[in-house]
Amino acid sequence: MASSKDYLEFILEQLSGLSDITYRAMMGEYIIYCQGRIIGGIYDDRFLVKNTPSARRLMPDVPLELPYEGAKEMLLVEDVDNREFLTELIESMLDELPLPKKKRK
């Protein structure tokens, strides 16, 4: 099942307080980036983020879920209506996520 553009737009609006939020459509789903780093994505109209120590600390009881068959488990963000929480979550994760790899020319 593909994710809806409406849900993507809702999540992007909730994250609008952060700098440099971008996304890429991928097979009916959406990868979400912050400052060039992959933070998570929208999968089956669920906002999932990478399982980092700081994300786990802020959401200790949320379930790990598969975004799609064969992928690494990610954390389900249940409190998507709380902009302050989402901002804190993403900002805390940034230093734990790798910078994008340089493309060869």
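Summary of values
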item: Rounded if a/c under 1.5, otherwise prolate or oblate - region 56-105, Cα gyration tensor axes; result: oblate
item: Chain lengthening between Glu69 and Glu13 when straightened (0.36 nm per residue, less Cα-Cα); result: 17.3 nm
item: Dipole magnitude (debye, nearest 20) for the chain, charges at Cβ of Lys, Arg, Asp, Glu; result: 980 debye
item: Which of Met26, Tyr43, Leu89, positive extreme of dipole for region 5-96 (C-beta unit charges); result: Met26
item: Whole-angstrom Cα spans of the chain along principal axes, big to small; result: 43, 32, 28
item: Prolate/oblate/rounded label for region 18-60 (Cα gyration tensor, a/c 1.5); result: oblate
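No value in this document is a laboratory result; all are computed from the given coordinates. Remember, predicted model here, so these are calculated numbers, not experimental data. Cβ coordinates were reconstructed from backbone atoms using ideal geometry, including for glycine residues, and neighbour counts include every protein chain displayed.
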